[in-house]
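Written out below as structure tokens is the structure these notes cover.
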Amino acid sequence: MAQQQHKQAQEFSRYVTARAKTVGYDLATPEGRAKLAVEAGMPEADIAAIAGARYEPPTDLLKPLAKALHTTQKLLLRQAGILEPSKKRPPITPRAAALELGIKSPANLGIFEALVAALLAAEKRRP
């Protein structure tokens, strides 16, 4: 059981570290951990413990962390091993897609989101 919990903590750490990097936080540095802690409203020690795979997250703390990482609480719960993996991939938001692609400036994020909205509207009008 302890090995399974450690494996889940490692997987959760890898996911959060990668997701944090995607949205601009480098958890390998104290500055990156501090910025994410402020954004998520969590103690910096918790962020360091997550990054170091020494953390069993209480579910109530994952909502602000999910928001700071531009993802869903449900996905974080799955990554933490609290929820079973989903059989299907959750829909990706235009903002999340832009961030995954490395588009980070507010102006470019807005343009990307508007372009996606226009393309989706055009698809709906297709016969």
Problem set entry | Within segment 102-124, considering residues that are exposed (fewer than 10 other Cβ atoms within 10 Å of the Cβ) and over 20 Å from ARG19 (Cα atoms), the one nearest to the chain's Cα centre (by Cα) | ALA107
Exercise. When PRO127 is evaluated against the numbered criteria (1) modelled with pLDDT under 90; (2) closer than 20 Å to VAL16 by Cα, which criterion, by number, is the only one it fails?
Worked result: (2)
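Is segment 83-101 home to any residue that is touching a residue at least 40 places away in the same chain (Cβ under 8 Å), crowded, with 16+ Cβ neighbours inside 10 Å and either closer than 23 Å to TYR25 by Cα or not assigned by TED's automatic domain parsing to the domain that holds ALA20 (or both)?
Yes; the residues of segment 83-101 include at least one that is touching a residue at least 40 places away in the same chain (Cβ under 8 Å), crowded, with 16+ Cβ neighbours inside 10 Å and either closer than 23 Å to TYR25 by Cα or not assigned by TED's automatic domain parsing to the domain that holds ALA20 (or both).
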Exercise. For segment 50-69, what are the residues that are buried (at least 17 other Cβ atoms within 10 Å of the Cβ) and either under 15 Å from the mean Cα position of the chain (by Cα) or not in a loop (DSSP other than H, G, I, E, B) (or both)?
Worked result: ILE50, ALA51, PRO57, LEU61, LEU62, LEU65, ALA66, ALA68, LEU69
Problem set entry | Breaking point among (1) modelled with pLDDT of 85 or more; (2) more than 15 Å from SER13 (Cα to Cα), for TYR25 | (2)
Exercise. Just to be sure, is LEU99 assigned to a helix (DSSP H, G or I), among the hydrophobic types (A, V, I, L, M, F, W, C) and either modelled with pLDDT under 85 or on the phi > 0 side of the Ramachandran plot (or both)?
Worked result: no
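The values are calculated or read from the model by the stated rules, or taken from the named source; none is laboratory data. Here the structure is a predicted model, which means the values were calculated and not measured. Here the Cβ is made from the backbone with ideal geometry for all residues, glycine too, and neighbour counts use every protein chain on show.
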